[in-house]
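J.: First the structure, which I've put down as structure tokens, then a few questions once you've had a look.
The values are calculated or read from the model by the stated rules, or taken from the named source; none is laboratory data. No experiment lies behind these values; they were computed from the predicted model shown. FYI the Cβ positions are ideal-geometry reconstructions off the backbone, even for glycines, and counts take in every protein chain you see.
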Amino acid sequence: MYLLTILLAAEDGHDGPLGLASLAERLAVSPASANEMVRKMEGRGLVDYEPYRGASLTGTGYGVAARVVRARRLWARFLADHLGFTPQESDAMACDLEHVTTTEAVERLAEFLGHPESCPLGRPIPAAGTVPGTPSAHSLDSLPAGRGAEVIAVSAGREAAGFLTASGVRPGGVVTVVATGGEGVLVRTDRGELHLDAATAALVLVRVIGGAHAG
């Protein structure tokens with residue numbers, strides 16, 4: 001949500017880094033919490049932080065945010081064009097759907113819709129494969145068995161993100177794909193082995209680090 005907020009602020013015309021006070025206000029958190037999270041994201045290469053100015057997205061950070069925005073706005077387009085919801089209703093419902101949509105499902109949805117360029121509210125839909133600075137970023141569901149990776153970001157909702165964090169799937173953590181299949185992905189973390197369905201695994205963005213094993 002931090003990355004998404006910075007991206008949306010830029011879309012709304014904000015020029016340059018987004019100040020921490022403004023970021024905290026938009027997310028309804030304390031300035032101290034915003035400062036702590038921004039410093040963590042800076043350490044993971046997701047934002048650039050300039051003291052007294054604020055935070056801006058790196059290429060990787062933009063890629064994480066744009067991936068979420070792409071899913072949200074494609075769903076909004078579907079809900080408005082095919083189910084008759086208003087642009088505002090479509091956008092609100094799409095916020096929930098974005099967190100449970102696999103990468104494959106997003107691209108099938110885009111194909112079904114004819115690859116639209118904007119959502120019902122007139123906002124641009126980021127194109128797949130054109131996000132700058134993310135050649136090494138992959139969704140967890142796309143990795144083969146035996147591959148190790150560092151978690152870059154988790155775009156799940158609050159409850160799911162909390163479960164993943166408690167299970168060792170958290171930004172900065174290392175996971176190893178033990179097995180893959182039609183029912184999802186089995187991964188090893190520093191907390192043990194964990195089975196994730198395909199939809200949940202698609203919400204975890206990772207950087208491949210070779211054959212490293214966690215724990």
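J.: Looking only at segment 4-19, filter to residues that are at pLDDT 90 or above and under 17 Å from the mean Cα position of the chain (by Cα); which one of those is nearest to Cys95 (Cα to Cα)?
T.: The extreme case among them is Thr5.
J.: Tell me which residues, restricted to segment 12-34, are in a helix (DSSP H, G or I), closer than 19 Å to Ala153 by Cβ and in contact (Cβ under 8 Å) with a residue 12 or more places away in the chain.
T.: Leu23, Arg26, Leu27, Ala34
J.: Would you kindly identify the strands (runs of 3 or more DSSP E) lying entirely within segment 110-215 that contain at least 2 residues that are modelled with pLDDT under 90?
T.: Filter on segment 110-215 gives 137-139, 148-154, 204-208.
J.: Of the conditions (1) modelled with pLDDT under 85; (2) among the hydrophobic types (A, V, I, L, M, F, W, C); (3) assigned to a helix (DSSP H, G or I), Ala94 satisfies every one except a single condition; which number is it?
T.: Against the list (1) modelled with pLDDT under 85; (2) among the hydrophobic types (A, V, I, L, M, F, W, C); (3) assigned to a helix (DSSP H, G or I), Ala94 comes up short only on (1).
J.: Of a type in the set (A, V, I, L, M, F, W, C), part of a loop (DSSP other than H, G, I, E, B) and closer than 29 Å to Leu109 by Cβ, is that true of Phe78?
T.: no
J.: Okay, next question. When segment 74-99 is examined, which residues are found to be farther than 25 Å from Val151 by Cβ and either touching a strand residue (DSSP E or B) at 6+ places or on another chain (Cβ under 6 Å) or of a type in the set (D, E, K, R) (or both)?
T.: Arg77, Asp81, Glu89, Asp91
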